[in-house]
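Beneath this line is the structure, given in structure tokens, with notes to follow.
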Amino acid sequence: MSDDFDFREYLREHPIIPIIKRKIPAIDLSWLSSDAEDRPVFGLTREVPPWHPTPVVYTPPGSVVIRSVRTIPATYLPPALRMQNMTETTRKTVTVRKVRPFSRKSRTSSYWEDNGWTRSDNSLLGYYRARGDGYKGLVELTDSEYEPYEFYIYDPPGELIHHGRHSACFHRRGASHLNKYWIHFSTRPQDVDSGIIQIQKDLTEALSN
Amino acid sequence: MNIKNLTIVVPGADPNAPSTANDITIQPGVTGRQAVTQIGLNEKYFLAKSDSTPIAMDQDLFPQVSDHEKCFATTEATVGKHAQAA
């Protein structure tokens, strides 16, 4: 197994915290509390045996870890976490990298690409951005020459759909729990970028009022 | 030197079509309208910055952009029935 082993991905499949809690109940962790460098970040949980030479940080699935390198002696790992090439006397260094939002920028990339929208078959998924917030959006590509794009927004802010000057132009579509709204354009955008930028302008305007 | 280099990206007609990047150099006094005309676009196009902030097309473009900034040419689009007011 390479040193690029993805610890976060592994944790998603093997949530180890319950396993450790069962094996080592009621551990006094007060001796770790003075070590500021190893304080939990974003709610990390530490469960280590008191004889452990160095603190180990385990993260719940979905957390962001900013530690660069962790050394985990195989001796203290639960069986589920022991890897094929590890023995009780070997050590395995696991590198956990900070996860950054994906963004592909190049000189010719379009607005939707620069802002993290992703293409999936005949649709684009991403977030409309306004005043520091993101609102999940969907752009469907249709075969219609008259209306080649259909724009949707999920969970729009109340300022936009109830009080904004364009409030009548947002129509709920699909299952109610999705809170998905189709956006009507009186002047249809000729490209995806124009539609996204216009919706963001309207969002910003509604949130500013 | 009192010039700024600007890249104006014109999106393709659909997501499959590649965007086109146009590099221009501007001096103080050039408006956004003149800039888009310079790269062969008509008056229906507007400029927006990377954070979707619109650029005032009839005002001096120079103070509105940074050197080597990437801007996007967009066409007019209006949500709802307010085309006249927009």
Distance between modelled label sites at A:Ser208 and A:Ser167, nm, 7 Å Cα→Cβ extension: 2.0 nm
Loop trypsin sites (Lys or Arg not before Pro), the stretch A:108-193, which have at most 15 other Cβ atoms in a 10 Å radius of their Cβ (DSSP): A:Arg131
Which entries of A:Lys201/B:Lys70; A:Lys180/B:Lys44; A:Lys180/A:Lys201; A:Lys180/B:Lys49 show an alpha-carbon separation above 24 angstrom in the structure shown? A:Lys180/B:Lys44; A:Lys180/B:Lys49
Overall form of the stretch B:4-75 per C-alpha gyration tensor (a/c, 1.5; a/b vs b/c): prolate
With a ≥ b ≥ c from the Cα gyration tensor eigenvalues, square-rooted, and the rule rounded for a/c under 1.5, otherwise prolate when a/b > b/c and oblate otherwise, the stretch A:106-163 is oblate
Point-charge dipole on Cβ atoms (K/R +1, D/E -1) for chain B, about Cα centre, debye to 20: 120 debye
Are there GluC sites (Glu not before Pro) in chain B that DSSP marks as loop and that have at most 14 other Cβ atoms within 10 Å, and which are they? B:Glu43
For chain B, give the share of DSSP beta bridges that are antiparallel, in percent and rounded to the nearest 5; count only bridges with both residues there. 75 percent
To the nearest 100 Å², how much accessible surface do chains A and B cover up together, summed over both, with a 1.4 Å probe? 2500 Å²
When you look at the Cβ of every residue in B:42-49, what mean number of other chain Cβ atoms sits within 10 Å? 2
Cα→Cβ-extended label distance, 7 Å offset, between A:Glu140 and B:Thr20, nm: 3.2 nm
Accessible area of the stretch B:4-75 divided out per residue, in Å², using a probe of 1.4 angstrom: 47 Å²
On average, how many beta carbons from a partner chain sit within 10 Å of the beta carbon of a residue in B:67-74? 4
Expected vector for the stretch A:186-199, Karplus 3J(HN,Hα) from phi with 6.51, -1.76, 1.60 and θ = phi - 60°, integer Hz, x for Gly and Pro, equals 7, 10, 6, x, 8, 8, 5, 4, 4, x, 5, 5, 5, 4
Karplus (6.51, -1.76, 1.60) ³J(HN,Hα), θ = phi - 60°, over the stretch B:58-64, in Hz, Gly and Pro reported as x: 9, 10, 4, 6, 3, x, 8
Sparse-neighbour loop sites [GluC sites (Glu not before Pro); the stretch A:114-202; at most 11 other C-beta within 10 Å; DSSP]: A:Glu145
Listed highest first by mean packing, meaning other Cβ atoms within 10 Å per residue, what order do B:26-33, A:188-195 come in? A:188-195, B:26-33
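The values are calculated or read from the model by the stated rules, or taken from the named source; none is laboratory data. Since the model is a prediction, treat every value here as computed from it, not as a measurement. Glycine also receives a Cβ, built like all others from the backbone with ideal geometry; neighbour counts cover every protein chain displayed. Areas reflect the complete protein model, heavy atoms only, side chains present, ligands, DNA and RNA absent. Shrake-Rupley method; radii C 1.70, N 1.55, O 1.52, S 1.80 Å.
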